[in-house]
1. So which residues in the range 12-57 are more than 30 Å from G106 (Cβ to Cβ), of a type in the set (S, T, Y) and surrounded by 10 or more Cβ atoms within 10 Å (Cβ to Cβ)?
2. For the range 100-136, give me the residue count where each residue is surrounded by 17 or more Cβ atoms within 10 Å (Cβ to Cβ) and more than 17 Å from L83 (Cβ to Cβ).
3. Every residue in the range 67-97 that is crowded, with 17+ Cβ neighbours inside 10 Å and hydrophobic (A, V, I, L, M, F, W, C), please.
4. Against the definition (under 14 Å from M143 (Cβ atoms), within 23 Å of the chain's Cα centre (by Cα) and part of a helix (DSSP H, G or I)), how does A58 come out, yes or no?
5. Is it the case, given these coordinates, that T70 is farther than 30 Å from W128 by Cβ, modelled with pLDDT under 90 and assigned to a helix (DSSP H, G or I)?
6. Taking the range 117-134 on its own, how many of its residues are farther than 20 Å from D63 by Cα and at pLDDT below 90?
7. For residues that are over 16 Å from G55 (Cβ atoms) and either acidic (D, E) or more than 11 Å from the chain's Cα centre (by Cα) (or both), tally how many sit in the range 98-135.
Amino acid sequence: MSLRVQNLAAKQRGITLIESLIAMLIGTIGLLAVASMQFNGLRTNNAALWRTQAGLLAQDYADRMRANKTIARQGGYDTSGSLRNTISAADIAAWQALVTSSLPAGQGSAVCAAPCATGQAYTITLQWDELRDGNVEQFQLVMTP
């Protein structure tokens with residue numbers, strides 16, 4: 001090997017500061033991308049959790065109506081109405097408390113088309129503010145008791 005090649009090889013030992021800084025920059029960008037994907041995944045999973053919870057709460061209310069069909073068919077489970085018996089009033093209060101405690105800023109209602117008679121469908125509506133930013137999400141279930 002010539003003397004000139006040996007001098008060049010001796011000068012090229014290790015990495016330079018600029019090379020290490022570029023490698024750290026590339027690694028940092030990669031880690032930020034992974035953190036962003038993790039954050040988006042958590043947010044999406046949280047949205048799915050609230051939507052699933054709303055579906056379960058709507059089914060719970062439908063089950064309460066099916067357990068008390070006679071009064072439900074007369075409009076006793078309409079949250080905006082006044083025709084209630086002791087059981088339906090207790091069911092409505094318990095369900096609305098459950099909605100409030102289970103969903104962020106949760107609200108629930110059930111409305112029967114007027115006049116509510118046998119065969120009329122109820123529309124169960126749940127609303128919540130997922131990100132607490134004023135943008136309300138909604139879930140509806142239509143059922144006939």
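The values are calculated or read from the model by the stated rules, or taken from the named source; none is laboratory data. Worth saying up front: this structure is predicted, and the values here are computed from it rather than measured. All Cβ positions, even for glycine, are placed from backbone atoms using ideal geometry, and neighbour counts span all protein chains on display.
1. S20, T28
2. Count: 10.
3. I71, A72, I92, W95
4. So A58 passes the test.
5. Considered against the rule, which asks whether it is farther than 30 Å from W128 by Cβ, modelled with pLDDT under 90 and assigned to a helix (DSSP H, G or I), T70 comes out as yes.
6. 5
7. The number of residues fulfilling the criteria is 19.
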